[in-house]
Amino acid sequence: MKAKLRAKKVPNIRATTLPDPKETLTFGNFEVKNHNIYYWKKVNGKEELELVHVSSLIWINEIRQNSETNEIEYELIFRYNNLFYSTMVSRNILSEKGLQTLIPIGADIHKGNQDLVSMFLRVQEWQVKKVRHTHKLLGWANVSEELAYYHSEKHSSNPKDTSEYIGGFNIQPKGTFEEWFKMVKQDVIGRVPLEFALICGFAAPVLSLLSQFLSLKVMVVSFVGESSTGKTISAKLAVSPFGNPDNGGLVDSWNSTINAMMKTLANNNGVPIVFDEASINAGQNLTSSIYQFAEGQERKRLDSESEIRDLAKWMTLIIFTAEHLIIEKANQNSGLRVRILEYQVQKWTDDAEHAIRLKNTVEQHYGHAGPKFIDFLIRNFDKDQYIAQYEQSRKEVDNALIEKDEFSSRLTENYAVMVLTAKLVNQCFNIGVNEEALLQFIVEQDKEMMTTRTLESRAVDIIQQNVLTHQTKFSVDGGQVTGTLTYGTILQKEDYTEVAIVKSVMDEWLSEAKFSSKQVVLKTLKAKGYLDNEQGKNTRTRKIPVVNSTKYEIEESTSYEKVSNVLKRETVYVLKLPRNLLNVLKEEKNESPTVKKPFNSKPKSKLLGSIKDKLESPSIEEMFDDDI
């Protein structure tokens, strides 16, 4: 459904190009006087002309040409009930049906005059002197055509090629660059997490420009920390060089639909943006959302004509803030771990007073440093040198990563953008970002993320956590199961701990952990040597001790209930887990067996004692004999 036109009252007629009502202006066969349109019309097909009234004045006040698409828009002013109103319309308004859309907002249009009004506007168009070039795009244009960056104004090597931003973000500069720079020198430099946050913002245009020459992807970075640790202030600092670091500007909230958030990112090619408080969506599975953010475009959709709609696309750096690791709320896909970089910092700011100083400054002085940085990049741009600097930064990161996994190569691409950006920011502003400390911060955070990055490490971690949680349901080294249910067995081997888990139990654990594919997990565990299985299967068949409860009537008023273990054949997953797992279990576990007490704790006959002696646990050999 097309959006309806809206009109607003013109507050100051003198600020417009409306003609003086006392003057008569001529436009071909049209005249404008007393804020009305007239037309010289032939009388009965003769040469004689008469002046007929067409309509109350409808006037092109301004022409706007979109710098990205060259599409033309008019600011139309019309009179209704002796008041003037303005509205923005496409040049399609000159069509018959186009003019009819003006009727609901008060323009003097009807079936008898719409052709003449359209003709008048076409004639007047050529005499409009107020023409503005505008844009809604943010960030870099296609570099193959020209090196141009769109912000509140267009930045390029040609100062005469101007354009004004008319989009929905508040990115107009406010305050002064000097006050913002002073704050950075005093309250940011020397604090590595804040320096990292600052570089994240400047990395957006660097990433987007590089992506036009190299195969780079959208970067999604999450600032993680408990309430009042300064994560939101850090995010505001990151975007303050480019615009208002608040709602309505470059900071949005998770308190909206994912589709709305995608629209917020549309046509953004190098301006950083923040989505604050991802914890709002703590109950949601964020897997699909993370993939979409990192993919750089919204899902394909059909319009009313069953044609694929134009897709919203973006190529920038996106910042989330959250009190928890966002990845914990998503499925256990390895691919997600390289699509979002989460930085969990205990304290982003020094204290409350420090946070307030930062907040007050970035909310009053913003939007200056970003354009200065862009002008620096354009002045010094050399494609080959730019790529060479990136490759050098990538080597530095690769050498600094002492511990690596299969994802390290891809992640160094993102880390290299950060390192290169720090160098460029220092060259541009001489601001004093500690490049060495920044790289070390990235390396340390990567080491933390690595522990849960690979599929097998996450699966093993989840399995071990569940084994510890349900340890009473396992037979340890041939001992009795002390719980009411049996999940499997644990046996100490020479260099590892063997854990056999009932298949249905472990399947449920993997499902609860939100792994996308159980088979992929098992295949990976097998390939990495964690899974001990029969040929052609993921499982083995074992005899597992299960709880058996027998009640004995000894005398008329006395009975005894004996809890023991009996062997039952089960299909199990057999895993080779770390050798120290059993030590952890023994530290936490109460090793005394849990036996239900009889109603009368002392047996009153020799028969009862004899029965108790004969009910013994099965041997280890019986439990772990695969051939039985």
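The values are calculated or read from the model by the stated rules, or taken from the named source; none is laboratory data. Values in this document were obtained by computation on a predicted structure and should not be read as measured data. Virtual Cβ from ideal backbone geometry, glycine too; neighbours counted across all protein chains shown. For accessibility, only protein heavy atoms count, side chains too; no ligands or nucleic acids. Shrake-Rupley method; radii C 1.70, N 1.55, O 1.52, S 1.80 Å.
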For region 45-64, indicate whether the set of residues that are over 22 Å from Glu23 (Cα atoms) and touching a residue at least 12 places away in the same chain (Cβ under 8 Å) is non-empty.
yes
Given region 26-116, what strands (runs of 3 or more DSSP E) lie entirely inside it while holding 1 or more residues that are under 39 Å from the mean Cα position of the chain (by Cα) and modelled with pLDDT of 90 or more?
58-66, 72-80, 83-90
The helices (runs of 4 or more DSSP H) lying wholly within region 333-416 that contain at least 1 residues that are under 26 Å from Thr229 (Cβ atoms) are 334-337, 352-364, 369-379
From the options Phe196, Phe242, residue that is part of a helix (DSSP H, G or I), at pLDDT 95 or above and surrounded by 24 or more Cβ atoms within 10 Å (Cβ to Cβ)
Phe196
Pick from region 357-387 the residues that are surrounded by fewer than 17 Cβ atoms within 10 Å (Cβ to Cβ) and β-branched (Val, Ile, Thr): which of them is nearest to the chain's Cα centre (by Cα)?
Ile387
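Evaluate the following for Lys111: is it out of contact with any strand residue (DSSP E or B) (no Cβ under 8 Å at 6 or more places or on another chain) and farther than 30 Å from Gln172 by Cα?
yes
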Quick check: anything in region 437-449 surrounded by fewer than 21 Cβ atoms within 10 Å (Cβ to Cβ), basic (Lys, Arg) and modelled with pLDDT under 95?
yes
Across region 273-302, what is the number of residues that are surrounded by fewer than 16 Cβ atoms within 10 Å (Cβ to Cβ) and at pLDDT 85 or above?
2
Which pairs do you get when a residue that is farther than 14 Å from Arg64 by Cα, found in region 114-129, comes within reach of a residue that is not aliphatic (A, V, I, L, M) and not in a helix (DSSP H, G or I), reach meaning Cβ atoms under 6 angstrom, with the pair 6+ apart or on two chains?
Leu116/Tyr39; Val117/Ser55; Phe120/Phe30; Val123/Phe27; Val123/Gly28; Gln124/Phe27
State whether one or more residues within region 402-418 are touching a residue at least 60 places away in the same chain (Cβ under 8 Å) and more than 24 Å from the chain's Cα centre (by Cα).
no
Give just the number: which of (1) touching a strand residue (DSSP E or B) at 6+ places or on another chain (Cβ under 8 Å); (2) farther than 25 Å from Glu68 by Cβ; (3) open to solvent by 10 Å² or more (accessible area, probe 1.4 Å) does Ala266 not satisfy?
(2)
Any chance Gln465 is modelled with pLDDT under 85 and surrounded by fewer than 16 Cβ atoms within 10 Å (Cβ to Cβ)
yes
Taking region 245-281 on its own, how many of its residues are part of a loop (DSSP other than H, G, I, E, B), aliphatic (A, V, I, L, M) and within 21 Å of Glu195 (Cα to Cα)?
2
Per the filter on region 129-159, residues of a type in the set (Phe, Trp, Tyr) and in contact with a helix residue (DSSP H, G or I) (Cβ under 7 Å, 6 or more places away or on another chain) are Trp140, Tyr149
Would you please name the residue that is most open to solvent (accessible area, probe 1.4 Å), looking only at residues in region 158-167 that are at pLDDT 90 or above and polar (S, T, N, Q)?
Thr162
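Scan region 215-233 residue by residue and report those that are open to solvent by 40 Å² or more (accessible area, probe 1.4 Å), in contact with a helix residue (DSSP H, G or I) (Cβ under 8 Å, 6 or more places away or on another chain) and on the phi < 0 side of the Ramachandran plot.
Matches in region 215-233: Lys217 only.
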When you check Leu424 against the structure, is it at pLDDT below 95, open to solvent by less than 60 Å² (accessible area, probe 1.4 Å) and either within 18 Å of Glu448 (Cα to Cα) or assigned to a helix (DSSP H, G or I) (or both), yes or no?
no
